[in-house]
Amino acid sequence: MSIFNNTQLAFANKTDSQLRKAFWMFKLIEQPLLTKLGTSVLNFAVHNNIPFAGNVVKATLFEQFCGGETREESMKVVNQMFKRGVGSIFDYSIEGKEEEATFDAVCKEIKDIVRFSVGNSAIPFIVFKPTAFGRIDIYEAVGKKVELTTSQKEEWQRVVQRFDEVCRLCFENNKKVMIDAEETWMQDAADHLVEDMMEKYNKVEPIVWNTVQMYRTGRLEYMHQNLQRAKEKGYFIGYKIVRGAYMEKERERAAAMNYPDPIQPTKDASDRNYNDGIDFVMANLDKVSGFFGTHNETSTELVMDKMKAKGLENGDNRIYFGQLYGMSDNITFYLADKKYNVAKYLPYGPVKDVVPYLTRRAQENTSVAGQTGRELSLIQKELDRRKGR
Ligand SMILES: Cc1cc2nc3c(=O)[nH]c(=O)nc-3n(C[C@H](O)[C@H](O)[C@H](O)COP(=O)(O)OP(=O)(O)OC[C@H]3O[C@@H](n4cnc5c(N)ncnc54)[C@H](O)[C@@H]3O)c2cc1C
């Protein structure tokens, strides 16, 4: 039986009515056709200011998966979780806008998050996506090492500048910052940039963390190379280890453009590679810290077992666990109860702007086999437990 089945612990922050609402929402999300239809209608309705659409989203998906419309509004959730030992990672998730003014605005917002969270250990990490600071095409061009035009060079310099401003501010204020990983064709440029940031700001401790997607082939080799570089140049590494979120897109592009699929051939292969990622961190703790971003119970338990075997304390500051707000509370609150370092990504922003994130959450829950069923049975179990109280 799973160690993560204590639903009383998992849902202690949720009222009966919140739980019932979450149950019906996951029930709807479970239906792929309905989710597809519903998300298109939602996107259209919210963007065209159809009356009540915003309110409907706010009372349903938004409440389940987001902290609030502003940082201040989200502090209620932050404090509630922190009381029970769970950190929050503010995720400012405006997706799909590719304009310089937007990149500057997001960069400013991320820096505001840093200033807002200085000295508050309820917010242990800052996070941003590379494509929130620059167009995916510029990353791709830089990654291919082709000759850039003058305007491309200037554009890339602005991306570097945004990365540097955020990482420097985090360094000055002793806040850890992790950079999300995205599509393979932009990731080489992002990796190099993050390595430069690590070299600059991780001399004493890991302030800047990169993300490694273990569903990709060749990532262990990448980590070994980077470790070599870190040893030579004298800096620490922080890695968020995830499986990866863009599988379908990656496979489709590889097939359409006729290059080898960059993703592991099977789920099992991704799982084995994830385990190897855990081993890599555990074997190099003198240089490497790990943040295991996963909803997978087996992976989580494996990290816990390896920590124990190495004689590490549960709260060892080189190991973190992370889940997304609104998902896998059974894992999060179990870990917090046992004093492991654990934090949740907490998206926030105006309802209209986070709709793409929310619809992606709904779609991913439909496509990730088992996740929705697992959430549903946990909520059902807790509702039954409360009824019998
Ligand atoms: C805190 C946090 C931060 C995250 N940050 C990022 C990020 O920066 N970048 C990013 O890409 N993702 C990120 N993710 C998402 C993550 O990559 C996974 O998509 C998601 O967590 C589901 O994987 P899992 O480990 O939780 O569990 P599981 O449900 O066990 O695994 C599902 C995953 O396995 C892989 N998989 C499934 N089927 C196959 C198959 N047939 N062949 C090969 N592989 C397969 C896919 O990666 C799929 O997402 C993050 C997740 C969390 C919780």
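Here are VAL159, VAL166, VAL204: which of them is crowded, with 21+ Cβ neighbours inside 10 Å and more than 16 Å from the ligand (Cβ to nearest atom)? The unique qualifying residue is VAL159. Filtering segment 191-219 to residues that are within 16 Å of the chain's Cα centre (by Cα), hydrophobic (A, V, I, L, M, F, W, C) and not in a loop (DSSP other than H, G, I, E, B) leaves VAL208, TRP209, VAL212. Filtering GLU99, GLU172, GLU109, GLU199 for residues that are closer than 24 Å to ARG318 by Cβ, away from the ligand (no atom under 16 Å from the Cβ) and free of Cβ contacts under 8 Å to residues at least 24 places away in the same chain leaves a single hit, GLU172.
Okay, residues lined up against (1) closer than 30 Å to ALA336 by Cβ; (2) under 22 Å from the mean Cα position of the chain (by Cα); (3) touching a residue at least 40 places away in the same chain (Cβ under 8 Å); (4) within 9 Å of the ligand (Cβ to nearest atom):
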residue	(1), (2), (3), (4)
ASN226	no, yes, no, no
GLY277	yes, yes, yes, no
ASP286	yes, no, no, no
ASP305	yes, no, no, no
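Among the candidates VAL142, VAL114, VAL127, the residue that is in contact (Cβ under 8 Å) with a residue 60 or more places away in the chain, in a helix (DSSP H, G or I) and on the phi < 0 side of the Ramachandran plot is uniquely VAL114.
Of all residues in segment 30-55, those that are in a helix (DSSP H, G or I) and in contact (Cβ under 8 Å) with a residue 12 or more places away in the chain total 10.
Give the residues of segment 23-53 that are more than 23 Å from SER328 (Cβ to Cβ) and among the small types (Gly, Ala, Ser), sorted by residue number. Within segment 23-53, SER40, ALA45, ALA53 meet the criteria.
Of all residues being out of contact with any strand residue (DSSP E or B) (no Cβ under 6 Å at 6 or more places or on another chain) and among the β-branched types (Val, Ile, Thr) in segment 221-272, which is surrounded by the most Cβ atoms within 10 Å (Cβ to Cβ)? Just the residue, please. Restricting to residues being out of contact with any strand residue (DSSP E or B) (no Cβ under 6 Å at 6 or more places or on another chain) and among the β-branched types (Val, Ile, Thr), the top hit is ILE263. The set of residues in segment 238-263 that are assigned to a helix (DSSP H, G or I), charged (D, E, K, R) and more than 9 Å from the ligand (Cβ to nearest atom) comprises GLU248, LYS249, GLU250, GLU252, ARG253.
Values in this text are rule-based calculations from the coordinates and carry no lab data. Just so you know, these numbers come straight off a predicted model, no measurement behind them. Glycine also receives a Cβ, built like all others from the backbone with ideal geometry; neighbour counts cover every protein chain displayed.
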